[in-house]
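In what follows, a structure is listed as structure tokens, so that the remarks can point back to it.
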Amino acid sequence: MSDTNTPIRADQAFRERVGEAWVLLQEQTDTQLDPFGQAAIAKLELTPGARVLDVGCGCGQTLLELAELVGAGGHVMGVDVSEPMLARAGERAAGQPSIELCSANAQTYPFPPADFDALFSRFGVMFFEDSRAAFANLRRALRPGGRLAFVCWQALAKNPWAELPLRAVMQVLGSTALPELFRPGRPGPFHFADPDHVRAILSGAGFAEIEIERFERPLQVGGALTLEEGLAYCLQMGPAARAMTDAPAELRPALEAAIAGTLAPFVGDRGIWMDAAAFIVTARV
């Protein structure tokens, strides 16, 4: 947790605001993302007793899933920069001695060398300022023969669940309001949309046997069953919510109407489902 005697930097405060939203909407977000995480976990073919590092473990759903696979004799370390999310993960993992939590930046944290059999991440590795340095650091934490599997988003344009609400709010806010993490070349959710870029990063960091598989399927936006639930979720989570962070209060009604209008055509008997496209990336040391 943050030291109360240390001033909070602006970037830290921002991370904690985002983390608080993730905690509030943890169940809805897990519903939305779980099929993608499960597909990447399956690639690791984990066995009881394995030691796994979960990068960007967030509120802990994947920690619990990994811990179940490695059993009581295994070990799962979850690392994340968000204190609120780690606190929630700790609550969910209470009483499970095989799970360890680490508040750190995985790009620079001194993990014990060759300590893990596998490295996993569900949408948590696209935000490093220096991706090659980060993966080189993570590779050193894997034993020889160790496996890597993570899931990352394809291009924003191939993810209507994210692109359409964002486009709707940008029409209200104007193009200058686009957050930095959605701009080309900047770390952010869609930073690994180019497979050649991902291969170059991983090979440059010392990984081999790199494979990148397309994983495309509809997702249930925020686990929402109704338009009202979907709107409430998109106002707090996702690219549209990020773009609205500093929007003037007088624009709120127009922004809500824009998102609602975007989601309405996708509401069905099973909730709000929109197309999504990810990559499942695997490699070995």
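The values are calculated or read from the model by the stated rules, or taken from the named source; none is laboratory data. The model shown is predicted, which means the values in this text are computed figures rather than measured ones. For neighbour counting, all protein chains shown are included, and Cβ atoms are generated from backbone atoms with ideal geometry for every residue, glycine included.
Computed quantities for the displayed model
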quantity	calculated
Some residue of segment 160-168 being small (Gly, Ala, Ser), under 22 Å from Leu231 (Cα atoms) and touching a Ser or Thr at 6+ places or on another chain (Cβ under 9 Å)	yes
Selected residue (only one of Gln38, Gln12 is within 29 Å of Ala241 (Cα to Cα) and at pLDDT 95 or above)	Gln38
Any hit, segment 102-111, residues being in contact with a Pro (Cβ under 8 Å, 6 or more places away or on another chain) and either crowded, with 22+ Cβ neighbours inside 10 Å or in a helix (DSSP H, G or I) (or both)	no
Residue, surrounded by the most Cβ atoms within 10 Å (Cβ to Cβ), within segment 129-149, restricted to residues that are aliphatic (A, V, I, L, M) and assigned to a helix (DSSP H, G or I)	Leu138
Counted residues, segment 59-75 - those being within 25 Å of Thr108 (Cβ to Cβ) and either in contact with a Ser or Thr (Cβ under 7 Å, 6 or more places away or on another chain) or outside any loop (DSSP other than H, G, I, E, B) (or both)	4
Extreme residue, surrounded by the most Cβ atoms within 10 Å (Cβ to Cβ), among residues of segment 31-60 that are under 20 Å from Ala276 (Cα atoms) and free of Cβ contacts under 8 Å to residues at least 40 places away in the same chain	Asp34
Unmet criterion (only one of (1) surrounded by 14 or more Cβ atoms within 10 Å (Cβ to Cβ); (2) without any contact (Cβ under 8 Å) to a residue 60 or more places away in the chain; (3) of a type in the set (Gly, Ala, Ser)) for Ala257	(1)
Condition check for Glu27: farther than 30 Å from Cys234 by Cα, of a type outside the set (A, V, I, L, M, F, W, C) and either in contact with a Leu (Cβ under 6 Å, 6 or more places away or on another chain) or in a helix (DSSP H, G or I) (or both)	no
In segment 87-120, the residues that are in contact (Cβ under 8 Å) with a residue 60 or more places away in the chain and in contact with a Cys (Cβ under 8 Å, 6 or more places away or on another chain)	Arg88
Within segment 39-58, tally of residues that are under 13 Å from the mean Cα position of the chain (by Cα) and either at positive phi or not in a strand (DSSP E or B) (or both)	4
Which numbered condition Ser82 misses (of (1) surrounded by fewer than 23 Cβ atoms within 10 Å (Cβ to Cβ); (2) modelled with pLDDT under 95)	(1)
Given (1) modelled with pLDDT under 95; (2) farther than 22 Å from Val172 by Cα, index of the condition Gly223 fails	(1)
Selection within segment 233-258 - of a type in the set (Gly, Ala, Ser) and in a helix (DSSP H, G or I)	Ala240, Ala241, Ala243, Ala249, Ala254, Ala257, Ala258
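Residue-wise test of (1) in contact (Cβ under 8 Å) with a residue 24 or more places away in the chain; (2) acidic (Asp, Glu); (3) surrounded by fewer than 19 Cβ atoms within 10 Å (Cβ to Cβ); (4) in a strand (DSSP E or B).
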residue	(1), (2), (3), (4)
Thr176	no, no, yes, no
Gly185	no, no, yes, no
Gly188	yes, no, no, no
Ile201	yes, no, no, no
Glu211	yes, yes, yes, yes
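For every residue, the table says whether it meets (1) touching a strand residue (DSSP E or B) at 6+ places or on another chain (Cβ under 7 Å); (2) over 25 Å from Phe182 (Cβ atoms); (3) part of a helix (DSSP H, G or I).
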position	(1), (2), (3)
Gly78	yes, yes, no
Pro113	no, yes, no
Ala118	yes, yes, no
Phe127	no, no, no
Val151	yes, no, no
